[in-house]
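Everything below concerns the one structure shown next.
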Amino acid sequence: MSLNIAKNEKKRVVIVGGGFGGLTLANKLKKSGFQVVLFDKNNYHQFPPLIYQVSSAGIEPSSISFPFRKNFQRRKNFFFRMAEVRAVFPERKMIQTSIGKAEYDYLVFAAGTTSNFFGNKHIEAEAMPMKTVSEAMGLRNAILANLERALTCATKLEQQELLNVVIVGGGATGVEIAGVLSEMKRFVLPNDYPDLPTSLMHIYLVEAGPRLLSAMSEESSRHAEQFLREMGVNILLNKMVVDYQDHKVMLGDGSEIATRTFIWVSGVKGVTIGNIPKEVMGRGNRIKVDAYNRVEGYDNIFAIGDQCIQLADEDYPNGHPQLAQVAIQQGKLLAKNLVRISKGKEPKAFSYTNLGAMATVGRNRAVAEFSKIKMHGWFAWVVWLVVHLRSILGVRNKLVVFLNWVWNYFTYDQSLRMIVYSRKAKEIRERERIEANTHWAEDILKEESEDTAASIMALKNEALEELDRLK
């Protein structure tokens, strides 16, 4: 395989990741005079704030996804390649991807985050994460299949395991998925499963800290907890999940919760890129950057969004929150700074403008904070709807999501509850196996240190294990 992109007289900007930050940067570099190459392991941009609605069969995955090639149609000097970036070799100005090597003049890491299991390999193997659209689809299938199985299982114990849902993580995602599953229990189960008492279904939200929504104010946290308890969610605070054995979530205090729906949204960490020096890696596997989003120690390598941690902003000495607005603002400024740098001008330092935070709990229930304004309830919920609807890419997607929301609001129902398992064609399975075994910069590693070679080979082994797990 080969990149198949000719290097011309224009300087090349390579962007790794098409999330909020990477997509904003690529859009803002239009007519900049650069050759722009975007890499992403998917061929679409996904909208993470609404992934939880996919997992609960509220909206279709295509409604919150938008193809990169559709977004960049008729764009000159722009190229997209669906590939995974595995390692960087700064002294060669080169990256190693799953389809070959690519040279760059400027490199920008914007690959975002992945689920953080804090080193617990067993929980990682057993739990259901909900970070991507594909993971949300897997979770949707599991929830619906468990409900079907609960009608026909042999024992009451198995039935209770199938109907108990345990969500680990009291951040915005955990609160939102707990709320939407509570509404599913209230409005969907009585109609779809009339011979299955709704009282048998229990939703548990487990948080290791003293309160929910720790990134928001105590007032918002209190309202969110009150909303969820009113909706019948069992909230367990100051409880740490330590293991999952025999269909039981095991807590640090020795207690257990029987379940076959074990959802993990407890934390995130930056996506790993091979051959990045350990000294530039910060908390949560995030890449340390200066005030201009340059990776520490490099003049032509940058990182933006959730994948980086910037300690130069006086208002955020511990780094910015991992929110979409941070990535978007950093992408906008970096586009300008790359143009300035290419012209020999000094870049401008990044300063985050906090536009607020919000989380929805359910129908007519949400919490929102904007500067000194805090709101909760129906009005906050309407604001949440408007903000997220405006942020979705594509007019069709906005319209579909809006109509879905309106229909669901008045009918308390949607018709997306199909259990569909995808099967990859043999050609694709074989190609993935080949890609997982090749393009690991073996030729370059012969000239690198043993530590560098070992670290990249460790990433290769992880990729092969992940491929086997997803069979």
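The values are calculated or read from the model by the stated rules, or taken from the named source; none is laboratory data. Remember, it's a predicted structure, so these values are computed and weren't measured experimentally. Glycine gets a Cβ as well: all are built from the backbone with ideal geometry, and neighbour counts include every protein chain shown. These accessible areas exclude ligands, DNA and RNA; they are computed on the full protein's heavy atoms, side chains included. Shrake-Rupley method; radii C 1.70, N 1.55, O 1.52, S 1.80 Å.
Some values worked out for this structure:
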{"quantity": "Reduced Cα scattering model of region 383-431, Debye log10 I(q)/I(0), q = 0.18, 0.21, 0.23, 0.30 Å⁻¹", "calculated": "-0.73, -0.81, -0.87, -1.09"}
{"quantity": "Anchor Lys398: aspartates and glutamates whose Cα lies under 18 Å away (excluding residues fewer than 8 positions away in-chain)", "calculated": "Glu60"}
{"quantity": "Alpha carbon centroid spacing (whole Å) that separates region 59-120 from region 197-259", "calculated": "35"}
{"quantity": "For Met128, distant residues with modelled amide H under 5 Å away", "calculated": "Phe262, Ile263, Trp264"}
{"quantity": "Isotropic mean projected area of the C-alpha convex hull, region 332-377 (nm²)", "calculated": "4.4"}
{"quantity": "Whole-angstrom Cα spans of region 91-139 along principal axes, big to small", "calculated": "40, 24, 18"}
{"quantity": "Long-range amide H partners of Asp243 with built H, under 5 Å", "calculated": "Met250"}
{"quantity": "Rh by Kirkwood over Cα pairs, then Stokes-Einstein D for region 1-121 at 1.567 mPa s and 4 °C, µm²/s", "calculated": "83"}
{"quantity": "Overall dimensions of region 206-250 as given by Cα atoms, namely Rg and Dmax in Å", "calculated": "12.4, 38"}
{"quantity": "Alpha carbon Rg of region 29-75, scaled by the compact-globule rule 2.2 N^0.38 Å", "calculated": "1.47"}
{"quantity": "Where Rh is the Kirkwood radius over Cα pairs, Rg/Rh for the chain", "calculated": "0.97"}
{"quantity": "Ranked by how many other beta carbons lie within 10 Å on average, peptides 56-68, 364-376 from highest", "calculated": "56-68, 364-376"}
{"quantity": "For region 349-463, alpha-carbon Rg over 2.2 N^0.38 Å", "calculated": "1.79"}
{"quantity": "Accessible-area composition of the chain, carbon plus sulfur, in percent [1.4 Å probe]", "calculated": "52"}
{"quantity": "Solvent-accessible area per residue for the chain (1.4 angstrom probe, square angstrom)", "calculated": "49"}
{"quantity": "Cα-only radius of gyration and Dmax that characterise region 149-256, units Å", "calculated": "14.8, 46"}
{"quantity": "Point-charge dipole on Cβ atoms (K/R +1, D/E -1) for region 326-471, about Cα centre, debye to 20", "calculated": "1240"}
{"quantity": "Shape category assigned to region 355-415 from the gyration tensor of Cα positions, a/c cut at 1.5", "calculated": "oblate"}
{"quantity": "Cβ crowding within 10 Å averaged over residues, with 22-32, 233-243 ranked highest first", "calculated": "22-32, 233-243"}
